[in-house]
Structure formats: structure tokens, C-alpha cells
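The values are calculated or read from the model by the stated rules, or taken from the named source; none is laboratory data. All values derive from a computational prediction rather than experimental measurement. Don't worry about glycine lacking a Cβ; one is built from the backbone with ideal geometry, like all the others, and counts go over all protein chains shown.
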Amino acid sequence: MSIYSYKQRNAIVLAILVILGCSIIYSVRTIAGSLLSTIVMYTIFRPVYMHLIENWNWKKWAAATSIILLSLIMIVLPFMALSIMVIDKIDEFKKDPIRIKVIIEKIDDFVGSKLNQPNLIDKGIQKANNLAGELFPSILGGAADILLGIVVMYFLLYFMFVQYKEFEAGLLKYAPFREQNAFKFASELKNTTFSNVLGQGFIAVVQGALLSIGFFIFRLNDPIFWGVIATFLSFLPLVGAPLVFIPAAIIELTNGNQTAGWGILLWGLILITNIDNVIRFIIAKRVADTHPIITIIGVIIGIPMFGILGLVFGPLLLSYFILTIRIYETSKLASERLEKIKSVEEES
């Protein structure tokens, strides 16, 4: 006969589960980005997958493999290309330090003295170096971690697609919400993901393309490179693209090129900055729009955790957190109403 009661055994089992769960969470912390990437990719490409197997009668493995190859070309390779471009540009600057020093001195004379802030650009460059170190730690540290993360992400994604019925049934079964709220949570989760990833991604691509066009028009150097940089910085609303075109305008003005300087500045302030608001208005009508404050705070949280992917995953995590709070409040209110109805029925 057991020395433990039924409640004691349940308490012991629960304690063991909590300890094991915390141990597992701690162990997988290094691949947290891969796990979140898998969720995002599944949410984005699930409609495509369902269309392939239901409307085109593709085999599950063929549809999953095709989506993996498509996402590799559309999402993973551009991030890796950006990292390589940034590292090459840093090496180029290191090989010609005199040119960089001259540019810094000119900008300091133009901006720092007028704002009564000597060495303003030196301080800004130091902060930019720190930011670059946070954005690209995995690339600078080695390719092994990147390869491992991609392999884990696509391994999980493949089996999530191939066994999507079992996967979604398991989520519904173990979700800490009522079934109605679970479906509502899934729907809003999809809208939030589309808004953060596809919506903000589209805005970033448009702003980056416009900046490249502006650099071409006014004959500034490296239009493609700076357009790509602006694309990723544009995940920071309001301040992203200006971090590229405003310094570029100042450099041209200090070099005496008034047409290019004022031209790229006006191009950026009038066209690039305002296109953000126009596209956000369109996105807000179709899917949930993410508030700029959530995006900025999310980026601050996400970059130390995920590096460059934090530009996307930080706001996404914060949006998921807020969404969970809203669903929790809805469930709590529904439970309170049910309890009141039951108490009224019992009294009557």
C-alpha cells in the first residue's frame, strides 16, 4: 500500500513536471529563435500548403518540401546576403580609414559645431558599432550556429506540415483556453503574424527600394547596398530609413553637392517617410496593424535575444504577449458571467 495519498501523488507528479519543464526550456534556450521561426513560418505558409494538398492534390511531403525550398529562397538567403554585404562593407571601410576619417571630420564640422556637440559623430559611430555587433553576432561568431538553427527550423517545419492534423489537434487539446477562445486566439495569432512579418516586411521592401531609386537619381554611391540596409532598418518605424538618407544628405552637403544633398533629403522626408503611413493604412483594413510603439519596444527587446532577427521577432513576441493577455481577460470575464448565472439559478 502506498504511503502517499492521491493528492500527494498528484502534487509530486506536478512538481516533477515543473522541474523537467524548466530544465527543457533552459536547454532549448539556444534554439529559441529557431522554434519561434518555425511557428512564424508555419503560420505564414499554412494557407499555401493547404492549397497545394487540397486544391492541387499534391502529396504532403512534396508540398512541405516545396514550401521549404520557397521559404529558403525568399527569407533565409536575403538575411544571409545582408550579413555578408555588411561584413564586406566593414572590411572595405577598414582598408581605407583615411577616407572615413575625412568624412567624419566634415560631418562633425557641419553638425557637431552647430549643435554644440563636439565628437557627435564619433559617439554615433561607436553606438552603431555596438548595434552592429548585436545585429550580426551569429555571422561574426561563425556559421555553425546559423546552420544548426536553419536545420532545426526546417526539420520541425517539415513534420508540422506533414502531420498538421495531429499537430493542430494537439494544440487545441492542450490549449489553456475554451475551444471558442482557442479558435479566436489562433485567428488573431495569424493576423498578428501577418501584420508583423508580411505587412511590416512589405513596408520595409518598398522603403528600401525607394531609397535605392533616390540614390540612383541623385548619383550617390552604393545605391543597392544602402537600399538593402534601409530595408532592414525600416522594421523600425519612423526612424529606420532616415538613419540612412539623412547622414547621406549631410555628407553630400558637406562635400558641396547641394543638389544631391537637398534632393535626397527631400526625397526621403516627403516620399520614403510618408509611404509608411499610406501602406499601414491599407494593411490596417485587411489585417491587424501593429502600433509603432509596440514595434519599437519589441525591437529593443528582440535584438539582444535574436540578433538581426530581433527586428521581426521582438515585436512579434510582444504582440503575442499582448494578445494572450486579451484572450485571458476574455476567458476570465466569460467564466465570471457563467458563475453568476449558476449562482442565480441555484438561488432560484
Quick check on my filter: what residues within the range 4-38 are polar (S, T, N, Q) and within 35 Å of the chain's Cα centre (by Cα)?
S23, S27, T30, S34, S37, T38
From A182, A260, residue being assigned by TED's automatic domain parsing to the domain that holds I296, farther than 22 Å from T295 by Cβ and touching a Lys or Arg at 6+ places or on another chain (Cβ under 8 Å)
A260
Of all residues making up the range 231-281, the number that are within 19 Å of G201 (Cβ to Cβ), in contact (Cβ under 8 Å) with a residue 24 or more places away in the chain and of a type in the set (F, W, Y):
2
For the range 210-234, how many residues are farther than 17 Å from K89 by Cα and either in the same structural domain as I75 (by TED's automatic domain parsing) or surrounded by fewer than 16 Cβ atoms within 10 Å (Cβ to Cβ) (or both)?
4
Within the range 297-309, the residues that are buried (at least 17 other Cβ atoms within 10 Å of the Cβ) and either among the basic types (K, R) or in contact (Cβ under 8 Å) with a residue 60 or more places away in the chain (or both) are V299, I303, F306, G307, I308, L309
